[in-house]
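Q: The structure is given below, and queries will be raised subsequently.
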Amino acid sequence: MNALRLSSRYAPRAFGLTRNVKSTPSLNSYRAFASGSGNVPVASGVPELHELGSVDTGFYDDRIDKVKEPERRAFAYMMLTTVRFAYASAARLLVVKCVASLSISASAAALATADFDLSEVEFGETITVKWRGKPIFIRRRKPEEIDEVRAVPMSHLRDQEADEDRVTNPEWIIVLAICPHLGCVPVSNAGEYNGWFCPCHGSHYDISGRIRKGPAPLNLEVPPYKFMDEKNLLIG
């Protein structure tokens, strides 16, 4: 097909050149020009380049983008906009969910702290309350019990911690009721030191909640707390 197009393209030119051969200047004309007796010979009847034209219409016949349906372009724009809007909506939803997961809910904030009235707790008594789903021991210590735990040398303690560092009010000791060994709940007012005793593996704690005997490696944990007044305790 290309050969046929080329032949059809150049055939008119070849025909035009053949037709105008007769008008080409003769040899005598060039001799006269060389001897100075004539002017520059000019070939008459030869068309200029821009006058030759072309019959090659293949460029227009084979164009890929010759679809003349403007509404299809509008449809393509609409589809592209729809896809971009869907991606933007998905990204916005993802960001909103991430931010919401990081913010604490009102119910969770309420569980973060708990207040207790200690006005009815007697000296030497231990009560158990719950904070964040965990048991908490609250013991009101007698003056002699305070003197006893504060007289213990640090060298006798596995997890060395002074009683003064574990309480804000010497009269009250507040500890997490979970043994740091394997998570059992100790028994109050029991053991060799009259503090707490873990029946699972035999750990003994004194009245300050410090490990004195048994496999537990650490003292009973002290949760964050503060006294709102003399008898009201806020944990958390």
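Q: Could you tell me whether any residue of region 161-178 is in contact with a helix residue (DSSP H, G or I) (Cβ under 7 Å, 6 or more places away or on another chain), free of Cβ contacts under 8 Å to residues at least 40 places away in the same chain and under 15 Å from residue 123 (Cα atoms)?
A: Yes, because at least one residue in region 161-178 is in contact with a helix residue (DSSP H, G or I) (Cβ under 7 Å, 6 or more places away or on another chain), free of Cβ contacts under 8 Å to residues at least 40 places away in the same chain and under 15 Å from residue 123 (Cα atoms).
Q: Might you let me know whether region 155-178 holds any residue that is modelled with pLDDT under 95, farther than 17 Å from residue 220 by Cα, among the polar types (S, T, N, Q) and surrounded by 10 or more Cβ atoms within 10 Å (Cβ to Cβ)?
A: So far as region 155-178 goes, yes, one or more of its residues are modelled with pLDDT under 95, farther than 17 Å from residue 220 by Cα, among the polar types (S, T, N, Q) and surrounded by 10 or more Cβ atoms within 10 Å (Cβ to Cβ).
Q: If you don't mind, another one. Has region 215-229 got at least one residue that is assigned to a loop (DSSP other than H, G, I, E, B), under 20 Å from residue 146 (Cα atoms), out of contact with any strand residue (DSSP E or B) (no Cβ under 6 Å at 6 or more places or on another chain) and among the acidic types (Asp, Glu)?
A: No: region 215-229 contains no residue that is assigned to a loop (DSSP other than H, G, I, E, B), under 20 Å from residue 146 (Cα atoms), out of contact with any strand residue (DSSP E or B) (no Cβ under 6 Å at 6 or more places or on another chain) and among the acidic types (Asp, Glu).
Q: When the residues of region 138-185 are narrowed to those that are β-branched (Val, Ile, Thr) and in a loop (DSSP other than H, G, I, E, B), which ends up farthest from the chain's Cα centre (by Cα)?
A: Within region 138-185, the match that is farthest from the chain's Cα centre (by Cα) is 152.
The values are calculated or read from the model by the stated rules, or taken from the named source; none is laboratory data. The structure presented is a predicted model; accordingly, all values stated were derived computationally and were not measured. Glycine also receives a Cβ, built like all others from the backbone with ideal geometry; neighbour counts cover every protein chain displayed.
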